[in-house]
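Here is the structure we will look at, set down as structure tokens.
The values are calculated or read from the model by the stated rules, or taken from the named source; none is laboratory data. Keep in mind it's a predicted model, so treat the numbers as computed, not measured. When we count neighbours, we look across all protein chains shown, and the Cβ atoms used for this are built from the backbone with ideal geometry, even at glycine. Quick note on the areas: whole protein, heavy atoms, side chains included, nothing else; ligands and nucleic acids left out. Shrake-Rupley method; radii C 1.70, N 1.55, O 1.52, S 1.80 Å.
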Amino acid sequence: PFFCSQRFVLVFMAFLGNLFVYTLRVNLSVAIMCMVRSDEGQSNLTLSANVTAANISSSSCGESAGDRARSVSNERAEFDWDKRTRSELLVMYFYGYIFSQIPSGWMASRYGGKQLWNVCMLISAICAIVTPISARTHVYLAYAVRFILGLAAGVTFPCVHALLGQWAPPFERSKMASVTFAGPLVGNIVTFSISGVLCEYGFDNGWGSIFYLSGIFNLLWVVAWHLLVADTPAKHPRISAKERLYIQTSIGKGVAKKVQRVPWLKMFTSGPLWAVIAGHLCNNYVTYTLLTSLPIFMKESLNFDIKQNGALSALPYLCQFVASLGVGYMADLLLERGFLTTKSVRKSFQCFSFVGTAVCIACVGLMNCEMRQLAVALLCSCTIFMSFNRAGYNVNHLDLAPSYAGVLFGITNTAATIPGMVAPLIAGILTPN
């Protein structure tokens, strides 16, 4: 049985690891609202727009909600970074993240993903803890820390896929992947929910506590991961003989062998792999736009105050978390009962995900503060549709080649990191005021 098995322990620990990786990725998106003073001395046109927005806020969106949010932010703010600097800080993570994808996929497939991920999580924790010091020293030092953090965090998904390739039987792949990749969603929920409160009530001027706490929890995970997890069922000291035999016979003996040579040419000329790359890239554009811009959208466009902002920014990810767990079980059930083939499940779930996401996210752009409840509902619907990719492109790497799953995810995630580099910049360019 899956529950109380060693593969469940692996999935649960990977879930927590992904959770903590995303707390480090997202925390700056919330903290930066408390770190940076609101813009002063803007042009008359911008001031007029702000006055108009404030009037709308007072009359129809709650009395001076936007002004209260700016007041709370300015009390703890220490920096005068302009919009370009803030956007560059947010994307610097992805400049580091993109470089470690393919190398870490190869290393995880060749040598195992356990220790590689553990070492990089240790580096990530240190980066989080030194972030307040670096920001107060010089913005370029903050750039460097975010770059190193992204470089270390980039090994996460290739390592996880390499481990799942060794541990996930065919009829449990969607389920195990869904639980594992629910970790980032819970990381978003926790970070958005708590960071707004820490901004106002936390230690070290509020925003500093966000980075210190996320770093400490990462350190605790590093210790637990080292003690509880193994690269393969054959190497696990506490796995039962029955579970080891079940996994090895379900996946195939060849998976347990180390990858000696990677067929790069065959990979890059594979049509199915290019389909996964396309799906991964398109999905991540929406994902990264929400991750980096949602708190600012809640504050500046919908006029929610800082405490409301955190909870409401987390709500779409809570909906996605619940939906993604059900999607994994549903997909595995359809496969196990023979209702659909693997190919049909992957294609239908992915297409349903993209159509729903596209409609909802486009409609959100039409909302203003007078329709902010509808905007939040549409954002929640958008993320629910996004959860269907858990049984689409996200797990398809394991179907195509379990032995090379880490390498394949490194390839697709390299392309899918490009939206993380450009989405915040594009959002900043499109919203100068």
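Residue selection: SER381 satisfies the criterion of being out of contact with any Ser or Thr (no Cβ under 8 Å at 6 or more places or on another chain), small (Gly, Ala, Ser), assigned to a helix (DSSP H, G or I) and at pLDDT 90 or above. Look at (1) part of a helix (DSSP H, G or I); (2) at pLDDT below 85 and you find that ASN396 fails only one, number (2).
For region 84-201, the helices (runs of 4 or more DSSP H) that sit wholly inside it and include 2 or more residues that are farther than 27 Å from PHE8 by Cα and of a type in the set (Phe, Trp, Tyr) are 139-153, 183-201. Being open to solvent by less than 70 Å² (accessible area, probe 1.4 Å) and of a type in the set (Val, Ile, Thr) is the filter here; which residues of region 420-430 pass it? Answer for region 420-430, where residues must be open to solvent by less than 70 Å² (accessible area, probe 1.4 Å) and of a type in the set (Val, Ile, Thr): VAL422, ILE426. For the residues LEU219, LEU213, LEU227, the requirement of being modelled with pLDDT of 90 or more, open to solvent by 90 Å² or more (accessible area, probe 1.4 Å) and either hydrophobic (A, V, I, L, M, F, W, C) or in contact with a Phe, Trp or Tyr (Cβ under 8 Å, 6 or more places away or on another chain) (or both) singles out LEU227. Taken over region 377-419, residues that are among the charged types (D, E, K, R) and open to solvent by 30 Å² or more (accessible area, probe 1.4 Å) amount to 1. For the criterion of being over 14 Å from the mean Cα position of the chain (by Cα), of a type outside the set (Phe, Trp, Tyr), open to solvent by less than 10 Å² (accessible area, probe 1.4 Å) and closer than 29 Å to THR341 by Cβ, PRO132 fails. Pairing residues of region 167-196 that are under 13 Å from ALA391 (Cβ atoms) and modelled with pLDDT of 80 or more with residues that are among the basic types (Lys, Arg) and buried (at least 24 other Cβ atoms within 10 Å of the Cβ), at Cβ distances under 6 Å and at least 6 apart in sequence or on separate chains, gives SER178/ARG390.
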